[in-house]
Amino acid sequence: INTSNNIDIEFFENPEILLMVSLLNTIDNPNRDIYLAGTLKSPVFRFTLDELVKIRASSKAPSLYGALVEYTNETGFEKGKYFLDKLSLFRQLTTGTRIDKLIWKLYKECSLFRIVADNHSPDETPLAARENLMLLYKYARGFESSTFKGLNAFINYVDDIIMQKTKLPGKGAGKEAVDSVKIMTIHQSKGL
């Protein structure tokens, strides 16, 4: 995990953040196969690679989503039913819901704090993974206070950050670092 006061592209490479980016993209448009496959294979839905291959091979649908819908309807596949029900709920939540509130609901509905505690990577602590999720929530709150709104706009915002390698204020921003210099000025004319 990046412990500096800036988060760079590596923030979006953390497993819990990749999961959220995949989930948000899937909710926005389930026909994006890469994001859907990432969401289905995640610890939230636990599809196996064999299941995904079987589902995709069973259909001539143009997308993995179409194949999943067909396969689930034809076979009664329980994981498929569970996922499709959750996806329907999540898509309903996007209507009129602020992105920060949507993310918070996803954290709760998917038990993400528990999942990251159980499935964190070896080089990161459960606390660090939780802090990353909270930081994503914080950025979503900041995004909602801008002129842009909604899930698709937030996804585009995150994509732009990743593509442009923009640095975002990281956790600890606003706190004085131990190895930092604080500069203060006095403006007599402003009464400060």
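The values are calculated or read from the model by the stated rules, or taken from the named source; none is laboratory data. Predicted, not measured: the structure shown is a model, and the values here were computed from it. No Cβ is skipped: glycine too gets one built from the backbone with ideal geometry, and neighbour counts run over all protein chains shown. Just so you know, the surface numbers come from the protein's heavy atoms only, side chains and all, with ligands and any DNA or RNA stripped out. Shrake-Rupley method; radii C 1.70, N 1.55, O 1.52, S 1.80 Å.
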*Specify which of the listed residues (Asp85, Asp100, Asp118) is crowded, with 17+ Cβ neighbours inside 10 Å and either under 19 Å from Ser22 (Cβ atoms) or among the charged types (D, E, K, R) (or both).*
Asp100
*Exactly one condition in (1) open to solvent by 60 Å² or more (accessible area, probe 1.4 Å); (2) in contact (Cβ under 8 Å) with a residue 60 or more places away in the chain; (3) not polar (S, T, N, Q) is not met by Phe11; state its number.*
(1)
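So that you can scan it fast, the table gives a plain yes or no per residue for (1) in contact (Cβ under 8 Å) with a residue 60 or more places away in the chain; (2) more than 17 Å from the chain's Cα centre (by Cα); (3) outside any helix (DSSP H, G or I); (4) within 16 Å of Ala140 (Cβ to Cβ):
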| residue | (1), (2), (3), (4) |
| --- | --- |
| Met20 | yes, no, no, yes |
| Arg56 | no, yes, no, no |
| Asn73 | no, yes, no, no |
| Tyr82 | no, yes, no, no |
| Asp85 | no, yes, no, no |
| Ser88 | no, yes, no, no |
| Arg91 | yes, no, no, no |
| Tyr107 | no, no, no, yes |
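A quick yes/no check of all residues on (1) among the aliphatic types (A, V, I, L, M); (2) at pLDDT below 95; (3) touching a Gly at 6+ places or on another chain (Cβ under 6 Å):
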{"position": "Asp8", "(1), (2), (3)": "no, yes, no"}
{"position": "Glu13", "(1), (2), (3)": "no, yes, no"}
{"position": "Tyr35", "(1), (2), (3)": "no, no, no"}
{"position": "Leu40", "(1), (2), (3)": "yes, no, no"}
*Would you call Val69 among the aliphatic types (A, V, I, L, M), closer than 18 Å to Pro30 by Cα, free of Cβ contacts under 8 Å to residues at least 24 places away in the same chain and exposed (fewer than 15 other Cβ atoms within 10 Å of the Cβ)?*
no
*Specify which of the listed residues (Leu49, Leu64, Leu24) is out of contact with any Ser or Thr (no Cβ under 6 Å at 6 or more places or on another chain), surrounded by fewer than 16 Cβ atoms within 10 Å (Cβ to Cβ) and hydrophobic (A, V, I, L, M, F, W, C).*
Leu49
